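The values are calculated or read from the model by the stated rules, or taken from the named source; none is laboratory data. Just so we're clear, the structure is a prediction, and the values are computed from it rather than from any experiment. Quick reminder, even Gly has a Cβ in these numbers, built from the backbone with ideal geometry, and neighbours come from all protein chains shown.
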Amino acid sequence: MPPNLFLIVIDSLRADVVYGSHVSTPTLDGLIERGTSFTQCVATTTSTTPSFSSILTGCYPPRHGVRGLQGYRLSPEVKTLAETFAAAGYHTHAEVTGPLVPETGILRGFEDANHRQGYRVPFFNWRDGVIDKLRSYVEPWLLLLHIWEVHRPYRSPPDFAKRWDRAGYEAAVAATDRWLAPVLEAAGDALVVVTGDHGEEYPDSAWEHKLVRLARRSRRSLRLQRWAPALDERLASFATGHGFALHEHLVRVPLVLAGPGVPHVAVPDQVRHVDLLPTLAGLCGIAAPDGIDGRSLVPLMAGEALPEEPAYMEAVGVKLEGRRIEGARTPDWKLLRPGEGRPALYKLDGGGPPDEKHNLYGRYPEIARSLENFLDRVRAREAAAPSGMSDEEEAVVEQHLRDLGYL
Ligand SMILES: [Zn+2]
């Protein structure tokens, strides 16, 4: 019998709060202690729906077709994780929330997909339902669980401290970790995977928190965009949340696997969300779909090496107002190409503290060119017939985005 597969995606979960931080996460630490942790995992985009689309198809956005939160539907030409596992005899279930509505097409292949209005109910009161369902599933099962409680506005029970943005975020992570423990217990000896769909930007100190709020208020009340666009743009760079950029805090996410056949190892190599589907298929003895952008990470888990491959990234958040920032990342470099505007090249120093302030594009033209060629190659895979949405479907998605405060 192949293992049950429990894929947990915690929305907006940054890598650095899980790996070796002061935030208390005993449940995730337990998974890390017995499983494989990829310490340099890169999300494909910094917005929820396109990022999930890459996790669930092993493809970059040009191929899967979901290039934003609104107006895109998953290309019919890609095969989803749920379709792949269902074809191999798995019973496939999804418990999702936020913008992951059925109209996006990304829930294709799930036998049942429950979209809960999680953001409208008090903190975590839906756990018992998940545990009951977990105990009733016919084996082998696949469950995708999307957790929203780390997403802004950060919420946590009263026994977790919450004073300013960073503390609120960290409290939400700690509370989610505690919430997960009985859910994992109910999942038995399933193959468990935990990741974030993208990271999060928040002020690092209470002082910075005040500055960000002041910048936001000044931009609005003084209408800076009208008479001081340069200053407005400068203050806009104090943005918090996600979706608007491809900074390290926004693209670095944890990726932890534990369960049958998973060795205890920490893998420092750069890996990508598009690698997850072929890896999970490999661990469960299933063939991955052909023609995807990711590759199986099973060799890395076994201590073997894989040739370095860049990660392709896109920022398509609502704050960008239709503009798109493309990016390519290796452990040492990050190239950013905004729709209009100058490209930038930053030195990342092998996963160490990054320098995302000094643009070295002019100084290392060969590195920049090779990463730009990579971007062009990924872009050339653009689906021949982009799959749009009907007006009714678009209205449903828009209403959800409004409820979530995106619009
Ligand atoms: Zn998200």
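Things to note:
- Highlighted here are the helices (runs of 4 or more DSSP H) found entirely within the stretch 166-273 that include at least 3 residues which are within 16 Å of the chain's Cα centre (by Cα) and either within 16 Å of the ligand (Cβ to nearest atom) or at pLDDT below 95 (or both): 248-251.
- Check on residue 356, under 24 Å from residue 106 (Cα atoms), of a type in the set (Asp, Glu), at pLDDT below 95 and surrounded by fewer than 18 Cβ atoms within 10 Å (Cβ to Cβ): no
- Out of 116, 34, sole residue that is touching a Phe, Trp or Tyr at 6+ places or on another chain (Cβ under 8 Å) and surrounded by fewer than 22 Cβ atoms within 10 Å (Cβ to Cβ): 116
- Single match in 13, 69, 56 (criterion: assigned to a helix (DSSP H, G or I) and crowded, with 24+ Cβ neighbours inside 10 Å): 56
- Residue match in the stretch 301-322 (condition: crowded, with 23+ Cβ neighbours inside 10 Å and assigned by TED's automatic domain parsing to the domain that holds residue 56): no
- Those residues of the stretch 28-57 which are within 16 Å of the ligand (Cβ to nearest atom), in contact with a His (Cβ under 7 Å, 6 or more places away or on another chain) and farther than 19 Å from residue 201 by Cβ, in sequence order: 53, 54, 55
- Residue 107 meets each of the listed conditions (1) in a loop (DSSP other than H, G, I, E, B); (2) within 15 Å of the ligand (Cβ to nearest atom) apart from (2).
- Residue 60 being within 16 Å of the ligand (Cβ to nearest atom), aromatic (Phe, Trp, Tyr) and under 19 Å from the mean Cα position of the chain (by Cα): no
- With respect to being touching a residue at least 60 places away in the same chain (Cβ under 8 Å) and among the small types (Gly, Ala, Ser), residue 317 fits the description.
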